[in-house]
Amino acid sequence: MQLTFNLAAVAALAAAASATPTKTGSLSARASLSPYYHDLAVDAGKQWFGCALDTTGAEYQSDLYMQIWNDSRIFGSTTPGNTQKWMYTEPQQGVFDFSQADLTVQLAQQTGKKLRCHNLVWSSQLPSWVTSGSWTADTLAAAMKNHITTMINHFGDSCYSWDVVNEAASGDAFTDNIFLQVIGENYVAMAFMYAYQAVQAGGYSVKLFYNDYGIEFPGDPKTNFVINKILRGVQAWDPAYIQGVGMESHWSTDYHPSAEQVATIAQAYADLGLEVHITELDVACPTVPCDAAALAQQADAYYAAVKGCLAVDKCAGVTVWGFVDQFSWIQPESNDGKGDPCIFADNFVAKPASSAVSEAWSGIACDVC
Ligand code: G3I
């Protein structure tokens, strides 16, 4: 029964992909394009093409969405979109709730997906006991250590990697948050130290990552800050504390790097000895639905992400932050009219970006960009 459902979903996806309109109008060249993005990534020597999942979100209620998400030929990795965050997992101090996060772990394991665990320390989606507590540097560090240690021990080797610290930079400065205010800049390296100690004590092989947005542009002030203050800062404590960097890649059609820029910055991170993941890729259009020009630009951006990753040995894979527009976190009402950032439009209609992903993994020119 399950097989039938999966095949039906894939058939729908394949049909949609082959019907993707191209800029040149040439449908025949597209007919052989595979929609099995993960298989294409593996064939190209990478570890995955993945897709995040929020089991608290509407996408989880969509049978078709989940049938496609479940197909390990299409997506070979996932990231819990929300459910491992502090507000869900430790809603009261010392009281942990793993129920929602465990569901994603189970779904990932059932479908053979690697799991990028996300995240341990971030200024957003914190429970009020953290944001409103009366802390000293020592008591907040102890709470942070307990959270990190308990999470790492609970999920163990079901995580391929952990985003230990998320979005600690805003422009060329540390993001203002409770950890910075109470502990100071060292909270970043301390979080990695606690994570490393937990991994060592548990004998796990999980890789420890820093994850951020807007760090995909070589020479940009934020990129330089992350390299010099955060990544090198953690390594100055001990190079063993950090194994990778996640480039979120939340882009828009008029704000995205070229494939060459992605490759250049990914290589710069690799040169620090770090593994690189593209972790939350999506590309918003300025208006919805995307017009023809925006669809081509969006395809170009997705193509650039994959091609850039392909060019760098230490880039392990690409993960999209959802794959159908109607379920994306980016909705026009709350984003100045911008939206539709995924490779599939509402109602699962394939966009040029879906072909671009297949073309990039296949190492062929982008016909839809
Ligand atoms: O849980 C409540 C629910 O009870 C309520 O009914 C509903 C009404 O809006 O809101 C629900 O909470 C929402 C939550 O997602 C779960 O769906 C929040 O309002 C909403 O703000 C929250 O958004 C998440 C966002 O992180 C928070 O910053 C997105 O789903 C999630 O995709 C997004 O993910 C982040 C990454 O973790 C880090 N990088 C950026 C990325 C995009 O912002």
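The values are calculated or read from the model by the stated rules, or taken from the named source; none is laboratory data. The structure displayed is predicted, hence computed values, not measured ones. Ideal geometry is used to build each Cβ from the backbone, glycine not excepted, and the neighbour counts take in all protein chains shown. Just the protein is used for accessible areas: all its heavy atoms, side chains included, with ligands, DNA and RNA removed. Shrake-Rupley method; radii C 1.70, N 1.55, O 1.52, S 1.80 Å.
A few remarks follow.
- Heavy-atom accessible area order for Ser355, Ser334, largest first, 1.4 Å probe: Ser334, Ser355
- Alpha-carbon spread of segment 257-332, three principal axes, descending order, Å: 41, 23, 14
- Radius, Kirkwood style, for segment 171-264 when every pair of distinct Cα atoms is counted (Å): 14.6
- Nearest 10 degrees, 0 to 90: helix 99-110 Cα axis against the chain principal axis: 50
- Lacking any other cysteine beta-carbon closer than 4.7 Å, the following Cys residues of the chain have no compatible partner: Cys51, Cys342.
- Placing +1 on the Cβ of every Lys and Arg and -1 on the Cβ of every Asp and Glu, with nothing else charged, gives the chain a dipole about its Cα centre of roughly 620 debye.
- Cross-link pairs exceeding 27 Å in C-alpha to C-alpha distance, out of Lys113/Lys314; Lys46/Lys351; Lys145/Lys314; Lys222/Lys314; Lys114/Lys222; Lys114/Lys314, comprise Lys145/Lys314; Lys114/Lys222.
- For segment 48-197, diffusion coefficient by Stokes-Einstein and Kirkwood Rh (Cα), 10 °C, 1.306 mPa s, µm²/s: 98
- Close amide H pairs (under 5 Å, H built 1.01 Å from N) link Thr319 with Gly50, Ile278, Thr279, Glu280, Leu281, residues at least 5 positions away or on another chain.
- In degrees, nearest ten, helix 259-271 long axis to first principal axis of the chain (Cα): 30
- Semi-axis lengths (Å, descending) of the ellipsoid that matches the C-alpha gyration tensor of segment 209-326: 27, 13, 12
- Rounded to the nearest 500, the 222 nm mean residue ellipticity of the chain from helices alone is -12000 deg cm²/dmol, with -39,500 (n - 2.57) taken per DSSP H run of at least 4 residues.
- Percent accessible area from carbon and sulfur atoms, the chain, protein chains only, probe 1.4 Å: 51
- Heavy-atom surface of the chain, accessible at 1.4 Å and reported per residue (Å²): 37
- Here segment 247-287 is treated as a sphere whose radius is the Kirkwood value from Cα pairs; by Stokes-Einstein at 20 °C and 1.002 mPa s it diffuses with a coefficient of 194 µm²/s.
- In sequence order, segment 347-364 has phi-based couplings of 6, 6, 7, 5, 9, x, 4, 5, 5, 4, 4, 5, 4, 5, 5, 7, x, 10 Hz under the Karplus curve 6.51 cos²θ - 1.76 cosθ + 1.60, θ = phi - 60°, and Gly or Pro positions carry x.
- Rounded tilt (10° steps) of 187-202 against the dominant C-alpha axis of the chain: 90
- Translational diffusion of the chain was estimated from the Stokes-Einstein equation, with Rh taken as the Kirkwood radius over Cα pairs; at 25 °C and 0.890 mPa s the coefficient is 118 µm²/s.
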